[in-house]
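The values are calculated or read from the model by the stated rules, or taken from the named source; none is laboratory data. Note that the structure is predicted; figures quoted are calculated from it, not measured. A quick note on method: Cβ atoms are made from the backbone with ideal geometry, for glycine too, and the neighbour counts reach across all protein chains shown. Each accessible area value is taken on the protein alone, full model and side chains, heavy atoms only, with ligands, DNA and RNA left out. Shrake-Rupley method; radii C 1.70, N 1.55, O 1.52, S 1.80 Å.
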Amino acid sequence: MKRILRPLLLALAMVIPVGCATELIGDPSDLEVVAYPTGIAVHPGGRYAYVVGSNFDLDYRANDGGAIYVVDLETKKVLPGSKRMGSFGTNIVLSHDARRGYTVTRGDDALVWFEISPDGSSISCPLAKKNSDSLLKCRQILDDNPTHVSITRSYREYDETNADGTTQKKRVDFDLLAVAQLRNARTTMLTVHEDEKGAVSFSRESAALLYSGTVSTLYEGEQFIFAGRAASNLVVVSPALNERGRVLGLYASQAISVPSGYGVYQGRDLLVDPSKQNLYMLNQYPKSLMKFDVTGLSYTSATSDRAALTDILMLPSDFIRMVWVGDGATGMIYATSATDSSMYVIDPRAMEIVHVAETGASPYDMALSGDKLYVVMFRDDNIWTYDVSDPSAPVLKEKFFEAKTATDSAEEK
């Protein structure tokens, strides 16, 4: 019955505003158990991870059925400080000092942000009531189906006039976020500022620069590269910022062509290697890993046309995410396939598969911490840990949670 009612509940939930006096339809998400994880980031201290729960099957109410789970990587427990948010969350990124985290949720078209305690063990929304278990107050509504967020740190310097007429040099530092959106060709960039009292403010602008944008990655400085779900080019996008670091607009500085023989590509993930000489793109169509020479891209010039496709590795399955493991000279690309439940190790220099690792059902996102790689298993509601001290041969070390039982699987269906 729950499965039959779910489409109706979703439709009703989407039209009812979230407010103090509004009774939400459906059950609240269970913050003690990781469910349908799609993103993971590890605190620099290495003790805690932040895992995106997507509420993919809408077992919980649509408005806040998603979650950010705080997981203790030593005890393998979900901590009490986990928080609810909108459904269909995707990847997650942390600020340079790990004081703040960001994700995007397609269910409510939002960028969600949260603050992280100094030791990394808890998260909070400073705009919500004390001890609130919700992040709904810490949202920037973006519209147009946000699917992926990337981050860098930047700054601006300006002259400030004093009361006596003299001037002094001031500097403002801020997080710069790039959000890829699936609909209406939208791309959004935001700057996040914090004043002397710790209050957070945002500036943002959107532009129609790439049809069906799906993922973005930081290239250099304030340049981000965007891929599309159905496009023929990769687009390099930068923000126009004023002297205080506020976003005035966006501009596409360069386009990287994808061979016309494929018509269009369907990009799933982007990765720039440590040397910043090569860009890799995972595609759902054609099922492939594409390698681009991006040495011609320049942060200071928009006239270079040297970026070009240099190699293609055809893949046996659909892939979701990838990460660089190891140093620039000997590192490998790890790519997860939710379709055949495997993690592939790819030599980016030879452009060949060198190893296929065992995983749980539907591995999704990955996070590297030292010689440990944490992989979330979308269908298993789990996290697996691998020793990647030898990047070419990952070794499974631990599975965090008990595997789903046959009864669990039957109830899910």
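Values computed for the structure shown
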| quantity | calculated |
| --- | --- |
| Expected-Rg normalisation [2.2 N^0.38 Å, Cα atoms] applied to the stretch 167-258 | 1.18 |
| Filter on K287/K372; K76/K372; K76/K397; K77/K129 - keep pairs with C-alpha separation over 18 Å | K287/K372; K77/K129 |
| Euclidean distance between Cα centres, the stretch 62-132 to the stretch 254-273, Å | 31 Å |
| DSSP loop GluC sites (Glu not before Pro) with at most 16 other Cβ within 10 Å: longest gap in the chain | 244-401 |
| Radius, Kirkwood style, for the stretch 116-192 when every pair of distinct Cα atoms is counted (Å) | 16.0 Å |
| Apportionment of accessible area to carbon and sulfur, the chain, percent (1.4 Å) | 48 percent |
| Integer Hz, Karplus 6.51/-1.76/1.60 couplings in order for the stretch 26-42, x for Gly and Pro | x, 8, x, 5, 7, 8, 9, 10, 5, 10, 6, x, 10, x, 8, 9, 10 |
| Per residue value of the accessible surface for the chain (all protein chains in place, 1.4 Å probe), Å² | 43 Å² |
| For the chain, convex hull volume per residue from C-alpha positions, Å³ | 158 Å³ |
